[in-house]
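Participant: Starting off with a structure, shown below.
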Amino acid sequence: MKLAFSTLGVPGLPLSEVAALATTHGYHGVELRAHPEEPVHPGLTPGQRADVAAGFKAAGVEILGLAGYTRVAAPGEDEPVLAELRALLGLARDIGAPFVRVFPGGDAGQSPEEADATAARRLGTAAEYAADLGVRILLETHDSHRTGADAMRVLGLVGHRQVGALWDVMHTWLGGEQPVESFAALSPHLGYVQVKDIASADDRTPLALGAGVLPLTDVVEVLSRHSWDGWLCWEYEKRWYEGAAPLPGLLTRGREHLARLLNEAA
C-alpha cells in the first residue's frame, strides 16, 4: 500500500512546502483539500493548474486526489450540485488527480430513500462526465451515510465504475461498523482509505496515529488479508482543531506506525 497525507492537516501551506513534507517524511503522495482558502481550488487558471501538476511531478510526489465538499444527497435542484462537481472534476483532470472526494450531505428532513435516490441520480449523471475526463468520483463514508452499508445503498443504485467509495475509518467506527464489515461492503468500489486517530467518540481532536481509539490495526489487517494494494491517506483534521499538535512533527512517526501495522499484517 502507498501512503499519503491530506493538506487538511497543514491548512493554507504553500504547495512547494507540502511536497517537501511528503518527500522529507517518506510519503508517496498527498490528498489536496479543494477550497478557496487553500492553494488549490476550481478558481485556478489553466496556467496555475499546470504549475500545480508540474511542481508535484518535479518533486516525485503523486497527487492522490482532490477533497471536495460537494454534497450529492443535499436537498435542492440538481444543477448547482452538478456544476460544482463538474468544476472539481475538471480541476482534477488538469492537475493529474485520479480521484475527487464528495460528501453524501443528506438532510434530516429527507427520508433515507430520498437521500439515496438524490445522491445516486446526481452521481450517475456526473459519472459520464467523469469518465470522459478519466477521473473517478468517490463518495466518502460521512455524515448522513456514515457506514459502508449506508454508502453502498447509493453506490448500488449508481452502478457505474467511475463512481466509487472513500472509506473514512473514523466515520464507519462512529457508525458502529466493524472494519471487516466496512471492507466487505465497500471493497467492490473502494478507491482509497482515510486513516486517522481520536481520543473518543466525544473528543475527535486529531491525535498521532496509534495514540487513540480507532481500530487501525484491524483496518490494515483486513486490507492486507484481501491483498488490497491501494492508498492509505492520513487525514489529520488540524483545520477544524486549531489546538491540535502541528502535523509536520507527527508525519515521520505516523508513517512508521502505518509501516509497522503493514509489516505485522503481512
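The values are calculated or read from the model by the stated rules, or taken from the named source; none is laboratory data. Keep in mind that this is a model prediction, so the values were computed, not measured. Glycine also receives a Cβ, built like all others from the backbone with ideal geometry; neighbour counts cover every protein chain displayed. Keep in mind that these areas ignore ligands, DNA and RNA; they rest on the heavy atoms of the full protein, side chains included. Shrake-Rupley method; radii C 1.70, N 1.55, O 1.52, S 1.80 Å.
Participant: Can you tell me which residues in the range 210-266 are under 23 Å from Glu181 (Cβ atoms) and small (Gly, Ala, Ser)?
Facilitator: Answer for the range 210-266, where residues must be under 23 Å from Glu181 (Cβ atoms) and small (Gly, Ala, Ser): Gly210, Gly212, Ser224, Ser227, Gly230, Ala265, Ala266.
Participant: Something else: Which members of the range 1-36 meet the condition of being more than 21 Å from Leu91 (Cα to Cα) and aromatic (Phe, Trp, Tyr)?
Facilitator: Selection gives Tyr27 alone.
Participant: Counting only residues that are in a helix (DSSP H, G or I) and open to solvent by 50 Å² or more (accessible area, probe 1.4 Å), which one in the range 209-226 is farthest from Val169 (Cα to Cα)?
Facilitator: Restricting to residues being in a helix (DSSP H, G or I) and open to solvent by 50 Å² or more (accessible area, probe 1.4 Å), the top hit is Arg225.
Participant: Against the conditions (1) of a type in the set (Gly, Ala, Ser); (2) open to solvent by 10 Å² or more (accessible area, probe 1.4 Å); (3) assigned to a helix (DSSP H, G or I), where does Ala119 fall short? Just the number, please.
Facilitator: With (1) of a type in the set (Gly, Ala, Ser); (2) open to solvent by 10 Å² or more (accessible area, probe 1.4 Å); (3) assigned to a helix (DSSP H, G or I) applied to Ala119, the lone miss is (2).
Participant: Right, next: Which residues, taken from the range 83-125, are within 12 Å of His160 (Cα to Cα) and touching a strand residue (DSSP E or B) at 6+ places or on another chain (Cβ under 6 Å)?
Facilitator: Result: Leu123, single match.
Participant: Still on this structure, I have one more. Restricted to the range 62-93, and to residues that are of a type in the set (A, V, I, L, M, F, W, C) and open to solvent by 10 Å² or more (accessible area, probe 1.4 Å), which residue is farthest from Ala127 (Cα to Cα)?
Facilitator: By that ranking, first place goes to Ile63.
Okay, residues lined up against (1) open to solvent by 40 Å² or more (accessible area, probe 1.4 Å); (2) out of contact with any Asp or Glu (no Cβ under 7 Å at 6 or more places or on another chain); (3) touching a residue at least 40 places away in the same chain (Cβ under 8 Å):
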{"site": "Leu8", "(1), (2), (3)": "no, no, yes"}
{"site": "Gly26", "(1), (2), (3)": "no, yes, yes"}
{"site": "His35", "(1), (2), (3)": "yes, yes, no"}
{"site": "Val52", "(1), (2), (3)": "no, yes, yes"}
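Participant: Looking only at the range 147-176, count how many residues are under 18 Å from Pro206 (Cα atoms) and buried (at least 20 other Cβ atoms within 10 Å of the Cβ).
Facilitator: Qualifying residue count for the region: 7.
Participant: Which ones in the range 237-263 are part of a helix (DSSP H, G or I) and hydroxyl-bearing (Ser, Thr, Tyr)?
Facilitator: Scanning the range 237-263 gives a single hit, Thr252.
Participant: Let me ask another. Which residue, of Glu31, Glu38, Glu17, is touching a Pro at 6+ places or on another chain (Cβ under 8 Å), among the acidic types (Asp, Glu) and under 15 Å from Leu247 (Cβ atoms)?
Facilitator: Matching residue, one of Glu31, Glu38, Glu17: Glu38.
Participant: Test each condition in (1) part of a helix (DSSP H, G or I); (2) modelled with pLDDT under 95 for Gly109 and report the one that comes out false.
Facilitator: Failing condition for Gly109: (1).
Participant: Only one of Asp202, Asp229 is loosely packed, with under 15 Cβ neighbours inside 10 Å, out of contact with any helix residue (DSSP H, G or I) (no Cβ under 7 Å at 6 or more places or on another chain) and either of a type in the set (Gly, Ala, Ser) or without any contact (Cβ under 8 Å) to a residue 12 or more places away in the chain (or both). Can you tell me which?
Facilitator: Asp202
Participant: Exactly one condition in (1) in contact with a Pro (Cβ under 8 Å, 6 or more places away or on another chain); (2) open to solvent by 30 Å² or more (accessible area, probe 1.4 Å); (3) of a type in the set (Val, Ile, Thr) is not met by Thr125; state its number.
Facilitator: Going through (1) in contact with a Pro (Cβ under 8 Å, 6 or more places away or on another chain); (2) open to solvent by 30 Å² or more (accessible area, probe 1.4 Å); (3) of a type in the set (Val, Ile, Thr) one by one, Thr125 breaks only (1).
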